[in-house]
Amino acid sequence: MKFIYPISSLFSLRKIRSLLSFGVKGYLAEIGWMEAYRARVPLDNNKQPLPWFTYSFIDFMEPRLSDTLHVFEYGSGYSTRYFSKRVASVTSAEHDREWLAAGMKDKAENVTLVHYEGTVDGDYCRAAMLQNKKFDIILIDGFDRNNCCKHAADALSEQGVIIFDDSQLEKFQEGVAYLKQAGFKMLPFSGISPGLFYRKETSVFYRPTNCFAI
């Protein structure tokens, strides 16, 4: 996903210098946080793309991914590149034409990028359903997230799960509440994410039979 670093999330220059003085030592360097901070994009310690999820959720999710799974994303970006190397296919809906054009330049063969206008409660939030196929994982990390929640379940396979990033934010609680009322259980993972040092949350919503074996 695209991300603009809020000023409030950055350290003072003195703190940053102190942090980077650890060089290749310590947990942050080990997980690639240092590299992600320097590059201003989500990367692991091998400079490979990561989603902008919490590290705790990435650790939980990664061993559960397989080349039999089909992913749909509301919002394209580094998560698209990450998933493309680990699953059968990725379909990403994007409302930003410039960002979509940038993604088209180096997309993997198993990635499909589709454009929908950024209209609230329009085709964008229904994009997963409009693909006329079922998905095992649907990622909600883009525009109009509350309405995306209301339509995502209709495009899930029987074993499908929904990943909702930034699920702690007050403005997304309508979507969280909708999924819970629709019969999904919520498993939140809080902590830091690549290159950022403020607390956030990535949650998975699942039903009794699910591809993450929860």
- Note on the structure: Subset of the range 173-205, residues surrounded by 20 or more Cβ atoms within 10 Å (Cβ to Cβ) and outside any strand (DSSP E or B), comes to Gly175, Val176, Leu179, Phe184, Pro194, Gly195
- Task: Select from the range 26-44 the residues that are assigned to a helix (DSSP H, G or I) and of a type in the set (Asp, Glu) and write down the one among them that is nearest to Asp59 (Cα to Cα).
- Result: Glu30
- Residues that are within 19 Å of Pro208 (Cβ to Cβ) and in contact with a Phe, Trp or Tyr (Cβ under 6 Å, 6 or more places away or on another chain), drawn from the range 135-154: Phe135, Ile138
- Leu156: free of Cβ contacts under 8 Å to residues at least 40 places away in the same chain and either under 17 Å from Phe57 (Cβ atoms) or not aromatic (Phe, Trp, Tyr) (or both), yes or no? yes
- Task: Report, by residue number, each residue of the range 77-108 that is at pLDDT 95 or above and surrounded by fewer than 16 Cβ atoms within 10 Å (Cβ to Cβ).
- Result: Lys85, Arg86, Ala88
- Item | Single residue of the range 169-203 satisfying the filter (in contact (Cβ under 8 Å) with a residue 40 or more places away in the chain and in contact with a Lys or Arg (Cβ under 9 Å, 6 or more places away or on another chain)) that is farthest from Ile140 (Cα to Cα) | Gly195
- Task: Restricting attention to the range 80-97, report how many residues are assigned to a helix (DSSP H, G or I) and out of contact with any strand residue (DSSP E or B) (no Cβ under 6 Å at 6 or more places or on another chain).
- Result: 1
- Message: Against the condition acidic (Asp, Glu), outside any strand (DSSP E or B) and loosely packed, with under 14 Cβ neighbours inside 10 Å, how does Glu158 come out, does it pass?
- Response: no
- Message: Looking at Ser167 and the list (1) assigned to a loop (DSSP other than H, G, I, E, B); (2) surrounded by fewer than 19 Cβ atoms within 10 Å (Cβ to Cβ); (3) polar (S, T, N, Q), which single condition is not satisfied?
- Response: (2)
- Message: Checking the structure you have, find out if any residue of the range 7-16 is charged (D, E, K, R), more than 19 Å from the chain's Cα centre (by Cα) and modelled with pLDDT under 95.
- Response: yes
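The values are calculated or read from the model by the stated rules, or taken from the named source; none is laboratory data. It should be emphasised that the depicted structure is a prediction, and the values quoted were computed from it without experimental measurement. Ideal geometry is used to build each Cβ from the backbone, glycine not excepted, and the neighbour counts take in all protein chains shown.
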